[in-house]
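Note sheet for the following structure.
No value in this document is a laboratory result; all are computed from the given coordinates. Being a predicted model, the structure only gives us computed values, none of them experimental. Cβ coordinates were reconstructed from backbone atoms using ideal geometry, including for glycine residues, and neighbour counts include every protein chain displayed.
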Amino acid sequence: MTLRAGWVLMIILLAVVLPAYGAVNITSEGLIVSDTGYAGGSLTVIEVVKNAGEDDTGPVTVSYYLVNESEGSATRVPIGTTDFESISSGSDYSSVKTFLLPLDLADGAYRFVREVMGKETPQVQPRTVHIADPFPNGSDADLVGSGLITSEEAGPGDQIRVISAVENRGGSDAGSFDVDFYLTNRSMVASEPLLLGTWVVGSVPASGQASTTRTFTIPVQTTAGNYGILMDVDPDDKVKERDEGNNDWYRDGIMRIIAGGSQTILPPVLINTTTSIVVVPMDQNQTNQS
């Protein structure tokens, strides 16, 4: 075999082999993580993972860590893992898991790290979790919007899936309250926020979190452009709170509305579920999953 023939054979082998490895592409379509916690408390991680490749993935493990870089050693503290079954091409899976934090976790600002099959993956918006002693029991409730995950693109009349969460950072349980979701377009001076819908939260325990998966319809009068989404938490002030000024969650440029009418981003299937997460500090190896 000549040297040239050998190189041609090598190129053919690479062309055959490489696509088999590149056909699986696991992406994070959205991630919600509480930005506060305390040693012995809990940390809820909500994530949507998608296979943007051409082949099925096989089992996928996503691992989560906290890194206190202020200590200098940047030691990773393992929080827990999420195991997905094989993800078919173009499909996505959502996970809501609550992990108990180690009792000896030192106070400080921790970088949140996620690994897919042992490889760290960059995050569009880096997340920092502040670990500190909890507020004393008996203090007023303190409702905060944790964030949401939804489609990056939609058209007027489309139905979109929205996964969102709120948390209660106070020392008392919060009773029933509403969360309103709005589309906002700050580039249009005269534009009013467009109401997508309302989530009625039954209750959230002290230091707990509630999450929901819902389907909303983009108003047909929505014009094309880049939009933000606002979570207006407890707009009617039903819950007595320690801090009324930190309720809402807003992110600009989270969705692009395209012209030309409905694009049918998601099937017209209503998915309305609500989960309240209550954490009981028991065995540190136990995980509460909903």
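Structure data summary
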item: Spacing of the two label points (7 Å from each Cα toward its C-beta) at ALA52 and LEU195, in nm; result: 3.6 nm
item: Residue exposure sequence - MET255, MET231 - by fewest surrounding Cβ within 10 Å; result: MET255, MET231
item: Label-point gap, in nm, between VAL220 and SER94 - each point 7 angstrom along Cα→Cβ; result: 2.6 nm
item: ASP140-LYS119 FRET efficiency (beta carbon distance; Förster radius 51 Å; 0.05 resolution); result: 0.75
item: Derived scalar couplings ³J(HN,Hα) [segment 142-149; Karplus, 6.51 cos²θ - 1.76 cosθ + 1.60; whole Hz; x for Gly, Pro]; result: 8, 8, 9, x, 8, x, 8, 10
